[in-house]
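In what follows, a structure is listed as C-alpha cells, so that the remarks can point back to it.
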C-alpha cells in the first residue's frame, strides 16, 4: 500500500475511532479509545468505563500533513 492509499483509508474511516476522556475516582484523568458503530453508539473496553466518570467522547479528526511527509524519501536524500 502506498502513502496515498493509506491517507485515503484514514480519511474514510477516521471518524469510526473516538477517544473517551474519563475522570477516575481519585480525580486523575485518563483517555481510552472507542469505536463509533453508528447512531451515536460507541463500543469500548470495560476498563475504560468501570468506576470512571465520562467527561467527553470525541471522534478522531483528520490532521493536516505537510508535503514533506508525502515526499519523505526525496527530502531525506537531498
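Bear in mind that the values in this text are calculations on the coordinates, not laboratory data. Just so you know, these numbers come straight off a predicted model, no measurement behind them. Counting neighbours? That spans all protein chains shown, and the Cβs are built from the backbone with ideal geometry, glycine included.
Quick check: pseudo-label points 7 Å beyond the Cα along Cα→Cβ at residue 56 and residue 15, how many nm apart are they?
In this crude spin-label approximation the distance works out to 1.9 nm.
Would you list 24, 7, 46 from fewest to most Cβ contacts within 10 Å?
Lowest to highest Cβ neighbour count: 46, 24, 7.
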